[in-house]
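Encoded as structure tokens, the structure appears first; notes follow it.
Each value in this text was obtained by applying a stated rule to the coordinates, not by laboratory testing. Note that the structure is predicted; figures quoted are calculated from it, not measured.
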């Protein structure tokens, strides 16, 4: 299982971006983080064109499959959507890893038993603005 932002397991940070200009102020080789929205398709295109890894936060099954098709490295979901998203990832052989958002360590056990690829804590996401 992958852990991002856990209090005692070192991990990379995700940089929450809101526009293309924000990407320019992130450290080299950073993983970007943004929410799925049609308004963000230009940012996603830029990330793909420049081979920049990104995590895409989604809110439903359709957005899960869109995130995979858009080449997200990580697909961030709610716990309610995690089991379905993981099943889709395994069935369609996604390259992306499914990460469930958690707020408490106690949530890890259930997600582990469901076979979810990983968890992401709020501290893993660095909010940026341009």
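Over every pair of different alpha-carbon atoms in the chain, take the mean of 1/r and invert it; report that Kirkwood radius in Å.
About 14.7 Å for the chain.
Whole number please: convex hull volume per residue, Cα atoms of region 62-130, in Å³.
Given the Cα convex hull of region 62-130, per-residue volume reads 96 Å³.
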